[in-house]
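Below you'll find the structure, written out as structure tokens, and then a few comments.
What follows draws every value from the coordinates through simple rules; no lab data is involved. Keep in mind the model is a prediction, meaning the values are calculated, not measured. Neighbour counts run over all protein chains shown; Cβ positions are idealised from the backbone, glycine included.
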Amino acid sequence: MSHIDELIAEFAPQGVEFRLLGDIAELVRGNGMPKADLTEEGVGAIHYGQIYTRYGVWATETISFVAPETAVKLAKAQPGDIIITNTSENIEDVGKAVAWLGGEPIVTGGHATVVKHNEDPKYLSYWFQSESFFVQKRALATGTKVIDVSAKQLMKVRIPVPPLEVQREIVRILDQFTQLEAELEAELEAELEARRRQYASYRDSLVNAVDGPRVAMGELGTFMRGRRFTKSDVVESGIPSIHYGEIYTDYGVSASRAKREVNSDMVAQLRFAQPRDVIFAGVGETVVDVGKAVAWLGDGPVAVHDDTFSFTSELDPKYVSYAVQTDDFHAQKANHVARGKVKRLSSAGLSKIKIPVPTAEEQERIVSILDSFDALVNDLSIGLPAELAARRKQYEYYRDKLLTFGEPAA
């Protein structure tokens, strides 16, 4: 019998009780606090968007602040409260939680709910990561383009509420396991980053060693700008599409399937990249990001956003996609980027950048070699990425086992 089983036998001999979240906590919906309100000093503040990207299970310090006169209008989180997100673009992120363990009250805004309770805050925050919560929030969620689980819906979530002694033991174990997992993950990430640098160096040397002319891209093919569509145009089933922002976050060197689709009614107002075209992002937050490309290898055309350019040529599309990752390409590109708050690269600028042009056979050989290297550092099914993914799944498995209880017999 584990120590947790012993504690349950001692403090909950009839079994662990399940309660509605609304029965064990007060849920206070946040309001306001756009990013423009955030400052570098003042009253601590957690913006709902930061919970996805900047916070873990718990926090003792905030990344952002708001002015005191702004804070008085916002929802307050006391030490020990949970802040949970209500809105996201996907079901995985909605309902992500952070336990506030700092010494002073802080504030939060719209699209977040403060959960005020008498349980162990880290226990609740860990439970909000569990498979049990995921299944329930999926059933309670509304919306397709933007997913929402309201405070009212969250109140319906059924949660196991073991005695505090059991909660604290679970937290102790999960804290240790989380620390070990984080240390191992950091080691694997460092090794993976070293492999990526090695791969980038080899890729550059392979492309730069090409025995062939260096030709401006405008002489090798044509660029076509896409047409505008927005997130509100995204549907479950429609026209395959690629938005410029997705090139940074969702795509690698090439793609044969689009991650998202837009409304079929828009077909007449869209522009399409054809199979074997290379799609460039024309906008980015940094000079390095702008101009990132993905080779489109799908069976049919794909709609492209107006901040992208599709490049049509006789070159191997994956060779082009690899060639425009090199330091030489980035150095030339930097001369053509418009440096405002948002960095922009025009088709005219892209047309002036020169890339090495080997024979078709040599392009194929280079692609074959680099595909193998790219898989080793980016493919989640093999190598270090696979080991990282396996460690995360192992952690999730043991976390869920610790947070799963049989319900007492009626």
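Starting from the 7 Å offset along Cα-to-Cβ, what nm value, one decimal, do you get for the label separation of Ala338 and Glu314?
If labels sit at Ala338 and Glu314, their model points lie 3.4 nm apart.
Kindly put Phe309, Phe405 in sequence by how many other C-beta atoms sit within 10 Å of each C-beta, fewest to most.
Phe405, Phe309
Cross-link candidates for Lys352: which lysines have Cα within less than 17 Å, leaving aside residues fewer than 8 places away along the same chain?
Lys292, Lys333
Determine which residues of region 308-348 fall in the zone a paramagnetic label at Arg271 would reach in this model, i.e. backbone nitrogen under 13 Å from the point 7 Å along Cα→Cβ.
Under cut-off, by backbone N: 308-312, 346-348.
Give me the net charge for the shell around Asp23: Cβ to Cβ below 11 angstrom, other residues only, Lys and Arg +1, Asp and Glu -1.
+1
Pick out, in residue order, every one of the chymotrypsin sites (Phe, Trp or Tyr not before Pro) in region 243-283 that is DSSP loop and has at most 11 other C-beta atoms within 10 Å; say none if there are none.
Filter output for region 243-283: empty list.
Charges on Cβ only, +1 for Lys and Arg, -1 for Asp and Glu, centred on the Cα centroid of the chain; of Ala194, Gly282, Trp100, which one is farthest towards the dipole's positive end?
Gly282
Would you mind ranking Leu20, Leu74, Leu188 by Cβ crowding within 10 Å, fewest neighbours first?
Leu20, Leu188, Leu74
Using the beta-carbon distance between Asn31 and Phe134 and R0 = 41 Å, what value does 1/(1 + (r/R0)^6) give for FRET efficiency, to the nearest 0.05?
0.95
Picking from Pro34, Tyr126, Asn86, whose Cα lies most toward the positive end of the charge dipole for region 17-161 (charges on Cβ: Lys, Arg +1; Asp, Glu -1)?
Value: Asn86.
Cα atoms only, region 246-314: Rg and Dmax in Å?
Using the Cα atoms of region 246-314, the pair Rg, Dmax is 11.8, 35 Å.
Do the alpha carbons of any pairs in Lys145/Lys343; Lys259/Lys318; Lys35/Lys259; Lys318/Lys354; Lys73/Lys145 sit beyond 24 Å of each other, and which pairs?
Lys145/Lys343; Lys35/Lys259; Lys73/Lys145
Amide H to amide H, which residues 5 or more places from Val215 or on other chains are under 5 Å from it, using H placed in the peptide plane?
Here the answer is Ile355, Val357, since their amide H atoms fall under 5 Å of that of Val215.
Per residue of region 343-351, in order, report the coupling 6.51 cos²θ - 1.76 cosθ + 1.60 (Karplus, θ = phi - 60°) as ³J(HN,Hα) in whole Hz, putting x for Gly and Pro.
7, 10, 10, 8, 5, 5, x, 4, 4
Rounded to the nearest 10 degrees, what's the angle between the helix 131-140 long axis and the longest principal axis of the chain, both from Cα atoms, 0 to 90?
So the inclination is approximately 80 degrees.
Just to be sure I understand: of the beta bridges DSSP finds with both ends in the chain, what percent are antiparallel, rounded to 5?
Of those bridges, close to 85 percent are antiparallel.
List the residues, sorted by chain then number, that are 5 or more residues from Ala77 or on another chain and whose placed amide H is less than 5 Å from its amide H.
Placed amide hydrogens put Ile106, Val107, Thr108 under 5 Å from Ala77.
Given a Förster radius of 22 Å and the C-beta distance between Glu6 and Gln179 as r, what FRET efficiency does 1/(1 + (r/R0)^6) yield to the nearest 0.05?
0.40
What number, in nm² with one decimal, is the all-direction average of the projected area of the convex hull of the alpha-carbon atoms of the chain?
23.5 nm²
Helix 360-378 sits at what angle to the longest principal axis of the chain, using alpha carbons and giving 0 to 90 degrees rounded to 10?
Value to nearest ten degrees: 10.
Just the number: Rg to Rh for region 17-161, Cα atoms, Kirkwood Rh, two decimals.
0.95
Can you tell me the 0 to 90 degree angle between the C-alpha axis of helix 164-208 and the longest principal axis of the chain, rounded to 10?
10 degrees
Let me check against my output: what whole-number percent is the relative contact order of the chain, with C-alpha pairs under 8 Å and at least 6 apart?
16 percent
Counting helices only, and only those DSSP H runs with n ≥ 4, report the 222 nm mean residue ellipticity of the chain as the sum of -39,500 (n - 2.57) divided by its residues, in deg cm²/dmol to the nearest 500.
Helices in the chain give a 222 nm mean residue ellipticity of -11500 deg cm²/dmol.
At 0.36 nm per residue, and after removing the present C-alpha to C-alpha distance, how many nm does the segment from Thr144 to Val288 gain when stretched out fully?
Full extension of this stretch gives 48.6 nm more.
Reachable lysines from Lys401, Cα under 26 Å, same-chain residues fewer than 8 places away excluded?
Filter leaves Lys96, Lys116, Lys122, Lys137, Lys156, Lys393.
Using C-alpha positions alone, give me the convex hull volume of region 213-357 per residue in cubic angstrom.
Enclosed volume per residue, from the Cα hull, is 99 Å³.
Is the shape of region 177-262 best called rounded, prolate or oblate, per the rule: a/c under 1.5 gives rounded, else a/b larger than b/c gives prolate, else oblate, with a ≥ b ≥ c the square roots of the Cα gyration tensor eigenvalues?
In terms of gyration-tensor shape, oblate.
Simple spin-label model, 7 Å along Cα-to-Cβ: Ser372 to Asp250 in nm?
For the pair Ser372/Asp250, the computed spacing is 3.2 nm.
Would you tally the net charge around Gln136, using a Cβ to Cβ cut-off of less than 12 Å, leaving Gln136 out, and scoring K and R as +1, D and E as -1?
Charge balance near Gln136 sits at +3.
How do Thr85, Thr359 line up, fewest other C-beta atoms within 10 Å first?
Thr359, Thr85
Evaluate the relative contact order of region 17-161 (contact order divided by residue number), counting alpha-carbon pairs under 8 angstrom at least 6 apart; express in whole percent.
In percent, rounded to a whole number, it is 34.
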